[in-house]
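The values are calculated or read from the model by the stated rules, or taken from the named source; none is laboratory data. Just so we're clear, the structure is a prediction, and the values are computed from it rather than from any experiment. A quick note on method: Cβ atoms are made from the backbone with ideal geometry, for glycine too, and the neighbour counts reach across all protein chains shown. Surface areas here come from the heavy atoms of the whole protein model, side chains and all, with no ligands, DNA or RNA. Shrake-Rupley method; radii C 1.70, N 1.55, O 1.52, S 1.80 Å.
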Amino acid sequence: MAICRHNDWKVRGDGCYKECTVCGVWLGNRTDPHNYDGDYYHRNNTIVDGIPQRQWYWGIHKAIWDQMGIDFTAMERALEYGCGTGQLLWSLYRKYDIRCLGVEQSFWAYNWQREVHGFDDDYQILNFNVEELDNSILICCPEHEDRKFNFIYSCHVMEHLIDPMRMIERSHEMLNSGGTFYMAVPDKEHQKSLHVHKWTYDEECIRMWFEQAGFKNIQIIQTKPHNPPPVNGEYRGHYLHASGVK
């Protein structure tokens with residue numbers, strides 16, 4: 001199995017995770033694939049001014065991206081891992097006229113986008129496992145044939161992957177100089193109450209992984225989860241939002 005590149009683990013006391021003794025990331029023994037069906041996507045997505053609405057999604061991330069100083073006005077191309085029904089990717093396309101490519105494993109989410117948005121040369125979705133993304137796949141998209149993007153991002157995807165470190169490294173390869181990679185993940189404290197993901201992170205290990213991949217100007221911001229599990233009547237943990245520049 002591909003791991004965080006250190007391969008030195010200790011079992012945590014609760015037995016649910018192994019912890020890397022070098023970078024501190026946790027590796028779990030299970031994952032939640034979020035196998036939503038077509039009814040779920042139709043029920044949870046409404047369209048306002050051509051944009052799919054998921055309540056909090058666009059506003060929260062746009063505020064975080066603004067805080068990180070990510071400027072979309074000069075961007076030409078963006079790539080999203082696990083784009084779902086396009087609540088972020090389609091918004092970038094409609095609001096900033098960015099040429100967008102998404103990768104989504106769920107056929108239901110992919111089909112929802114195909115029916116509602118339709119695809120063209122400037123907005124495309126590929127329906128397959130994001131970890132299979134490589135140059136040979138992108139050849140099928142001539143407008144992305146140089147495989148370089150200004151912005152690559154994932155929201156609550158990296159905790160599900162077999163080899164998230166490889167995806168961070170791969171993102172660095174596919175960015176133009178000065179391009180930005182962003183990811184959002186639950187932190188360890190949040191995961192203690194869930195244990196449904198393959199990996200769980202804290203700020204220290206994310207910073208180390210980004211540095212190992214070659215990113216600079218690394219920023220990490222915390223927000224309260226939109227659906228945190230109650231623990232003794234309180235909400236525990238955070239979402240971590242990390243960005244780095246090539």
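Structural remarks
- Among the residues of this structure, Pro164 counts as one that is in contact with a helix residue (DSSP H, G or I) (Cβ under 9 Å, 6 or more places away or on another chain), within 20 Å of Asn7 (Cα to Cα) and modelled with pLDDT under 95.
- All of His190, His195 fail the test of being at pLDDT below 90 and buried (at least 20 other Cβ atoms within 10 Å of the Cβ), apart from His190.
- Selection from the stretch 198-235 of residues that are at pLDDT below 80 and either at positive phi or open to solvent by 70 Å² or more (accessible area, probe 1.4 Å) (or both): His226, Asn227, Pro230, Asn232, Gly233, Glu234, Tyr235
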